[in-house]
Amino acid sequence: MDMKKNNDIMDLLSEISEMTGEEPEILNARADEAYVRLSEAGFERAALALAKQQFSLIGLFCAEAFEKEDGFTLFYAFKQAGRAPVLVLVREAGREEKVSSVAESFPSASWFEREVRDGFGLEFTGAFDTRRLFLHECYPKGFHPLRKAFKNGPLPLRETEAGTTKVGSNEARTTKVGSNEAGAAEAGAAEAGAAEAGTTKVGSNEVGTNEVGKPGEEYRFRQLKGEGVYQVPVGPVHAGIIEPGHFRFSVIGEPIFSLEIRLFYKHRGIEKLAEGKSPSECVALAEAISGDESAANAVGFCTAVERACGIPVPERAECLRAVLLELERVYSLLGDLAGMAVDVGFSLVASPFLILREEMFRQNEKLTGSRFLRGMMMPGGLKKDIPYSALKELAPFFAKFSRTFESAFERAMSSSSLIDRFATTGVVKKGLVVPLNLTGPLAKASGCPADTRLNRPYGAYGYFAPGPSVRKGGDVLSRYEVKADEIRESLKLIDRLLEEMPEGPVFAGNTLAEGEEAGPGSLSTSGTSGDSGTSSTSGISGYALTLVEAPRGQNLHWVYLKNGLVDRYKVRTASFCNWQAIEHAVLGNIIPDFPVINKSLNMSYAGTDL
């Protein structure tokens, strides 16, 4: 363990002791990660002190039956800019299902708390927003899918006679939501065979003691009243192939006075799907979180498993992972540069970037067999090596690529009309970065140089670091320039990685020949290994947190293994936090500027909705 990071952790623990006036109980600690339990009073004192010291709440999530604890355990992950360690305060909620909110001190906690409330049914007293988050009105009351009692599967709701809905074999009454009649699914525990003592069954799904009945109440948007104020609803259905999201503008004349967003129309239950699966099975789930962050999320999940299990990853695998991560960053940001130009009517400027993006996809497929770099990552390294013959083609490809890219960027920046649309539009102030936990190009364009590859390096980034890309304007133009800088830095990084690429295996505990693929049993829970690997998670229990720098910013992955299987998998992408910045960025702008502001931030719907 690195001695400096050891000292960082010890300094952090000492600060917590001073803040709270009590000795923290250390549950687990690594070089850059510490789990600490405090008394309830100590937790509240620590939260206030951490907020004053400009710590960001980068994650808040829940687990049921964690370790030997009964009931619910909450994890509050804090990080301070410029320091590597992540401090996780562990808070036991037990079965009371009610704890105090920290959203007044940490605004980023509002969505986190609402997410926990939907998933587990915990109430946060003193919270300023108690509306549902990912469970829309169609989900019945008392439905909390992340509880262990809920067995994953479709809810067998089916329409019968007009005005009623049957849940399995149980008839339920009708309820009104706003002015719309909706069939409600109220499971009849009194009906013969409908429910065992203390539980309610919905079809074949046990849902604990919760009522599965009335759909939730109509979602209430903020109401802003005053002379000349009117609302403009946009979405959730949009033109083209854009994913669904609702934007409720309040406007006075033309300037936007307020914006409220509502997402989670694409909720797929990814975290629930991971429960009970082996780590190898969950890699595909991580890749499916958000298409253009497939490699970043796969690496995040695999790294968390490797840390929890103590699996060393071969140096060559770490370097190849970094190459793939930077390839993903390049094609993702090229799409942003093109999209921003399209959204102000400059297709001519966008075309070269789109052509380069397509060339990147084709190069990805040559290297890995997937345009989106899927099917390569696995806990312990890579499923297969990339031949030297394929890697050596990248140097001439990127030499030509760089010339075309610089020409395209110069054309864009020479357009006074484009600069006029970008400059001073959609400003995100630097003061929002810490309280909302904003990261990635969004934060860098607002004067904050945070980058996980630099501040908390993982894998090959401990030896190969990108240069910083920072602007201070916080507007669309600043984000445009930062993303161009990020592409340049990624190209330099790939070039250095290829020049110093080590030889050796790409999977822990084996010697895969060039081009050979690791077998499906190479990392299993059964204790048996495939012909090409010996690494195994058989019987291992543990947990670990990983941060990775995806194209949009910092992604958090936390994995809890029980006997070699995933008991809880928590994902928080950069988009989950960054989405909240758009409500501030649009203020004072006009609705026709919203598309380019939105595209300059380019948050992922699917990556947020999970």
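The values are calculated or read from the model by the stated rules, or taken from the named source; none is laboratory data. Bear in mind the structure is a predicted one, so any value in this text is a computation, not a measurement. Glycine also receives a Cβ, built like all others from the backbone with ideal geometry; neighbour counts cover every protein chain displayed. Accessible surface areas use protein heavy atoms only, side chains included; no ligands, DNA or RNA. Shrake-Rupley method; radii C 1.70, N 1.55, O 1.52, S 1.80 Å.
May I ask which of K266/K430; K79/K430; K266/K384; K266/K492 have a Cα-Cα span longer than 25 Å here? Kindly include the intermediate steps, with their values, before the conclusion.
On the way: K266/K430 30 Å; K79/K430 17 Å; K266/K384 32 Å; K266/K492 36 Å.
Where the Cα-Cα span goes over 25 Å, the pairs concerned are K266/K430; K266/K384; K266/K492.
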If I compute solvent accessible area with a 1.4 Å probe over the protein chains, what percent of it on region 227-319 is carbon and sulfur? 58 percent
Where the centroid of each part is defined by its Cα atoms, how far is region 310-344 from region 87-105 in Å? 36 Å
Could you derive backbone 3J(HN,Hα) for region 319-325 from the dihedral phi with the Karplus parameters 6.51, -1.76 and 1.60 (θ = phi - 60°), listing whole Hz in sequence and x where the residue is Gly or Pro? 5, 5, 4, 4, 4, 5, 4
Estimate the FRET efficiency between S14 and K472 by the formula 1/(1 + (r/R0)^6), using the beta-carbon distance for r and 30 Å for R0, to the nearest 0.05. 0.30
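Assuming a ≥ b ≥ c are the square roots of the Cα gyration tensor eigenvalues, decide whether region 2-125 counts as rounded (a/c under 1.5), prolate (otherwise, with a/b larger than b/c) or oblate.
Values: a/c = 1.75, a/b = 1.47, b/c = 1.19.
The shape class here is prolate.
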Heavy atoms of E104: accessible area, 1.4 Å probe, square angstrom to 10: 140 Å²
Given labels modelled 7 Å from the Cα in the Cβ direction, how far is it in nm from S402 to E217? 6.0 nm
Can you give me the distance in nm between label points at S415 and K151, each placed 7 Å from the Cα along the Cα-to-Cβ direction? 5.7 nm
N28 and K366 label points (each 7 Å along its Cα→Cβ direction) are spaced in nm at 4.2 nm
Need one value: the accessible area of W111 in square angstrom, 1.4 angstrom probe, rounded to the nearest 10. 20 Å²
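Once fully extended, how much extra length lies between A81 and A239, figured as 0.36 nm per residue of separation less the alpha-carbon to alpha-carbon distance?
53.0 nm
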For K151, what accessible surface area do you get with a 1.4 Å probe? Give it in Å², rounded to 10. 110 Å²
